[in-house]
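For reference, the structure discussed in these notes is given below.
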Amino acid sequence: LDALDWPESVKEMQRNWIGRSEGAEIEFAVDGVRGDDGEPLTFTVFTTRPDTLFGATYCVLAPESPLVTRIAAEAQRAAVDAYVAEASQKSDLLRTDLAKEKTGVFTGAYAVHPVTGDKLQIWIADYVLMSYGTGAIMAVPGHDERDHAFAKRFELPIVEVISGAEAPIDEQAHSGDGVAVNSDFLDGLAVDDAKARMITWLEEYGRGRRRVQYRLRDWLFSRQRYWGEPFPFVHVEGSADQPPSVMALPVDQLPVRLPSIDAYRPTEDGRPPLARAGDDWMMVELPDGRRGVRETNTMPQWAGSCWYYLRFVDPRNEDAPWNEALERYWMPIDLYIGGVEHAVLHLLYARFWHKVLFDCGLVSTREPFQKLFNQGMILAQSYRDASGKYHPRAQLVERDGTLYAPDGETAVTMQVEKMSKSKQNGVDPMQVIDQYGADAVRLYELFMGPLEQTKPWQMESVEGVYRFLARAWRLVVDEETGALNPRVSDAPGADAGTLWRTLHKTIKKVGHDTEVLHFNTAISQMMIFVNEATTAAQLPREILTRFVRLLAPYAPHLAEELWQRLGCDGLACVADWPEHDEALCVEDTITVVVQVNGKLRDRMTVARDTDRAELEQLALATEGAQRFLDGATPRKVIVVPNRLVNVVV
């Protein structure tokens with residue numbers, strides 16, 4: 001991730017989702033309990049802070065841990081069983097992120113501290129998850145907020161083993177850096193050194209080992225639905241000398257295409273929708289004569305989106321997913337524009353697939369997407385009743401200035417939210433296209449504001465963009481006759497000097513802003529050009545053809561029509577991009593600051609590169625300078641051409 005040109009927020013989300021943690025696995029023995037092999041029963045904890053081991057004052061098991069039933073004391077069994085049943089009804093989110101108060105039950109068993117030999121109470125608590133780590137923790141309440149809250153709730157010991165706390169350790173956990181204290185052979189060591197020393201000790205005495213842990217878990221890839229790529233596998237029947245098996249279909253039977261079925265729902269006996277296809281599709285005869293049944297689950301939508309960019313490299317190849325030389329030429333993708341909502345889904349799993357392919361030697365790059373740009377979301381008004389149900393605006397009933405649901409009785413409230421199907425506030429692009437055309441819709445989306453910002457959809461603004469395109473059309477086409485505008489000329493024209501200058505500024509800005517994805521400001525500059533061209537007495541054809549080339553990426557349908565009307569060959573979209581003349585992009589006049597004794601007193605507009613003597617005379621004659629000079633003779637006048645004049649009195 002460090003080498004990718006991605007938004008830091010997206011990279012941080014992926015880091016947290018992957019959850020790479022470096023630490024140690026530590027073995028704790030359960031006091032007085034032996035396993036099936038006669039050896040002391042043990043459990044393993046994973047910790048990223050082995051330096052705090054001397055601060056462990058109790059241990060916690062996840063309620064689902066199979067150890068719980070083996071170690072719970074008889075006197076505690078009823079309470080333990082009740083708590084396990086209660087925890088099983090809660091989601092992981094409710095048990096961790098949303099839990100307001102720590103809950104737990106003492107098992108009646110004790111763990112033996114692997115270094116000191118002290119007895120530590122073993123509790124079960126739902127803030128420990130079986131799905132993360134080992135399902136068991138050593139609790140260090142002095143230096144972990146969750147453990148601290150639990151210890152305070154159940155009056156368990158809290159010990160300081162890292163110095164540097166801002167508040168008494170009894171009141172607040174200290175999770176920052178410091179120096180080891182109350183830690184025997186670790187005393188005086190900084191955190192990183194103490195971690196390394198403790199791991200070495202654990203490995204030397206057989207009480208633990210160095211370990212890298214990940215939060216990322218296996219990915220459920222199978223779906224019980226119709227729409228999805230079928231798995232190219234068959235379940236093969238067994239025989240006298242061969243057991244049943246699952247095997248890949250022969251290459252000559254690929255690809256497997258979705259069959260026609262009577263309904264897109266599971267069968268009556270609960271099998272996936274593909275099972276409705278019947279034996280003609282389901283049963284397959286293999287080259288060796290055996291028969292098999294196709295797999296009826298389908299792949300998820302990610303199956304295609306995780307590698308589609310590689311197929312784009314070579315989409316018509318019938319012999320391989322992509323050609324090796326073409327992959328080396330095109331990859332990695334230079335720029336990927338996509339929503340931030342894909343941060344830990346598509347963007348993460350596409351990277352995962354790509355790295356597998358790289359390890360297999362099938363692609364030449366370690367990463368698929370070198371630069372990522374997140375576009376902003378589109379907002380729109382939504383309408384929701386008191387029960388939380390959303391209603392489309394077109395179905396609402398308006399009475400006495402109040403909006404009601406379609407029943408005419410239930411009042412609704414309006415809010416501005418992300419445009420989405422679930423909120424019933426989407427805008428059908430075809431309706432807008434029917435009214436204004438595809439170019440206007442395209443241009444408005446780019447003109448709404450900076451690409452990365454969240455922006456509200458406003459239909460009245462579509463109208464404004466539509467009017468701009470109509471003005472661009474009228475530069476070339478006479479509205480009354482439909483013929484070429486009579487102002488279009490092959491001669492330079494009376495206003496050509498000013499218009500040429502504006503054109504070159506437009507070429508420069510549109511070219512630059514397009515490359516850096518500042519589409520809205522590129523469109524603004526084109527609007528400036530059209531406004532000026534609209535009032536020009538003559539419109540040189542060469543100026544118009546260059547402008548149409550700039551317009552082509554933004555309004556392609558209109559641009560191609562104007563391109564042909566102007567008598568140009570081929571397509572505007574593949575014509576050379578015009579080059580600007582830097583000299584024509586420089587302003588003729590500039591603003592020069594007038595100071596008296598270093599303080600701003602006036603400004604003056606002058607011709608660029610006006611000489612020093614003239615600048616001095618003009619500055620002394622300004623109202624601001626005259627007012628502060630008040631008849632006095634300047635002691636010195638400092639002139640910085642094209643920037644400022646400072647009068648010293």
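List pairs: first in region 152-172 and in contact (Cβ under 8 Å) with a residue 60 or more places away in the chain, second of a type in the set (Phe, Trp, Tyr), Cβ under 6 Å, 6+ apart or cross-chain?
Leu156/Tyr58; Val161/Phe54
Every residue in region 466-509 that is among the charged types (D, E, K, R) and either on the phi > 0 side of the Ramachandran plot or part of a helix (DSSP H, G or I) (or both), please. Let's see the steps before the verdict.
Quick first cut of region 466-509, residues among the charged types (D, E, K, R) only: 467, 471, 474, 478-480, 487, 490, 495, 501, 505, 508-509.
Hits for region 466-509 are Arg467, Arg471, Arg474, Arg501, Lys505, Lys508, Lys509.
Can you list residue pairs whose Cβ atoms sit under 7 Å apart, with the first residue in region 521-542 being within 20 Å of Leu566 (Cβ to Cβ) and the second being acidic (Asp, Glu)? Count only pairs 6 or more apart in sequence or on different chains.
These pairs meet every condition: Ala536/Asp495; Ala537/Asp495; Gln538/Asp495; Arg541/Asp490.
Kindly evaluate Leu120 against the criterion of being open to solvent by 50 Å² or more (accessible area, probe 1.4 Å) and either over 21 Å from Val33 (Cα atoms) or touching a residue at least 12 places away in the same chain (Cβ under 8 Å) (or both). Talk me through it step by step, then tell me what you get.
Values: open to solvent by 50 Å² or more (accessible area, probe 1.4 Å): no; either over 21 Å from Val33 (Cα atoms) or touching a residue at least 12 places away in the same chain (Cβ under 8 Å) (or both): yes.
Judged against the criteria, Leu120 is not a match.
May I ask you to list the residues in region 537-564 that are in contact with a Gly (Cβ under 9 Å, 6 or more places away or on another chain) and either part of a helix (DSSP H, G or I) or open to solvent by 10 Å² or more (accessible area, probe 1.4 Å) (or both)?
Answer for region 537-564, where residues must be in contact with a Gly (Cβ under 9 Å, 6 or more places away or on another chain) and either part of a helix (DSSP H, G or I) or open to solvent by 10 Å² or more (accessible area, probe 1.4 Å) (or both): Ala537, Gln538, Arg541, Ile543, Thr545, Leu550, His557, Leu558, Trp563.
Only helices (runs of 4 or more DSSP H) wholly contained in region 565-649 count here; list those with 1 or more residues that are modelled with pLDDT under 90 and among the β-branched types (Val, Ile, Thr).
Working: elements: 582-585, 612-620, 623-629.
By residue number, no helices (runs of 4 or more DSSP H) qualify.
Yes/no matrix, rows are residues, columns are (1) in contact with an Asp or Glu (Cβ under 6 Å, 6 or more places away or on another chain); (2) open to solvent by 70 Å² or more (accessible area, probe 1.4 Å); (3) outside any strand (DSSP E or B):
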residue: Val10; (1), (2), (3): no, no, yes
residue: Glu22; (1), (2), (3): no, yes, no
residue: Glu27; (1), (2), (3): no, no, no
residue: Asp37; (1), (2), (3): no, yes, yes
residue: Thr42; (1), (2), (3): yes, no, no
residue: Glu64; (1), (2), (3): no, yes, yes
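Here is a yes/no grid of residues against (1) closer than 30 Å to Phe28 by Cβ; (2) touching a strand residue (DSSP E or B) at 6+ places or on another chain (Cβ under 9 Å); (3) assigned to a strand (DSSP E or B):
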{"residue": "Gly206", "(1), (2), (3)": "yes, yes, no"}
{"residue": "Val212", "(1), (2), (3)": "yes, yes, yes"}
{"residue": "Asp218", "(1), (2), (3)": "yes, no, no"}
{"residue": "Arg225", "(1), (2), (3)": "no, yes, no"}
{"residue": "Gly228", "(1), (2), (3)": "no, yes, no"}
{"residue": "Val246", "(1), (2), (3)": "no, yes, yes"}
{"residue": "Gly270", "(1), (2), (3)": "no, no, no"}
{"residue": "Arg276", "(1), (2), (3)": "no, no, no"}
{"residue": "Gly292", "(1), (2), (3)": "no, yes, yes"}
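Under 9 Å between Cβ atoms, at least 6 apart or on separate chains: pull out the pairs that start in region 129-149 with a residue that is farther than 14 Å from Val45 by Cβ and open to solvent by less than 20 Å² (accessible area, probe 1.4 Å) and end on any residue that is modelled with pLDDT under 95 and hydroxyl-bearing (Ser, Thr, Tyr).
Filtered contacts from region 129-149: His143/Ser175.
Only residues that are under 30 Å from Val115 (Cα atoms) and either open to solvent by 60 Å² or more (accessible area, probe 1.4 Å) or aromatic (Phe, Trp, Tyr) (or both): list them for region 207-259, please.
To start, the set of residues in region 207-259 that are under 30 Å from Val115 (Cα atoms) comprises 207-215.
Answer for region 207-259, where residues must be under 30 Å from Val115 (Cα atoms) and either open to solvent by 60 Å² or more (accessible area, probe 1.4 Å) or aromatic (Phe, Trp, Tyr) (or both): Arg207, Arg209, Arg210, Arg211, Tyr214, Arg215.
Before we move on, is Arg612 more than 30 Å from Glu445 (Cα to Cα), among the basic types (Lys, Arg) and touching a strand residue (DSSP E or B) at 6+ places or on another chain (Cβ under 6 Å)? So that I can check it myself, show each step before the final result.
Working: more than 30 Å from Glu445 (Cα to Cα): yes; among the basic types (Lys, Arg): yes; touching a strand residue (DSSP E or B) at 6+ places or on another chain (Cβ under 6 Å): yes.
For Arg612, the condition - more than 30 Å from Glu445 (Cα to Cα), among the basic types (Lys, Arg) and touching a strand residue (DSSP E or B) at 6+ places or on another chain (Cβ under 6 Å) - is met.
The values are calculated or read from the model by the stated rules, or taken from the named source; none is laboratory data. Worth saying up front: this structure is predicted, and the values here are computed from it rather than measured. Ideal geometry is used to build each Cβ from the backbone, glycine not excepted, and the neighbour counts take in all protein chains shown. These accessible areas exclude ligands, DNA and RNA; they are computed on the full protein's heavy atoms, side chains included. Shrake-Rupley method; radii C 1.70, N 1.55, O 1.52, S 1.80 Å.
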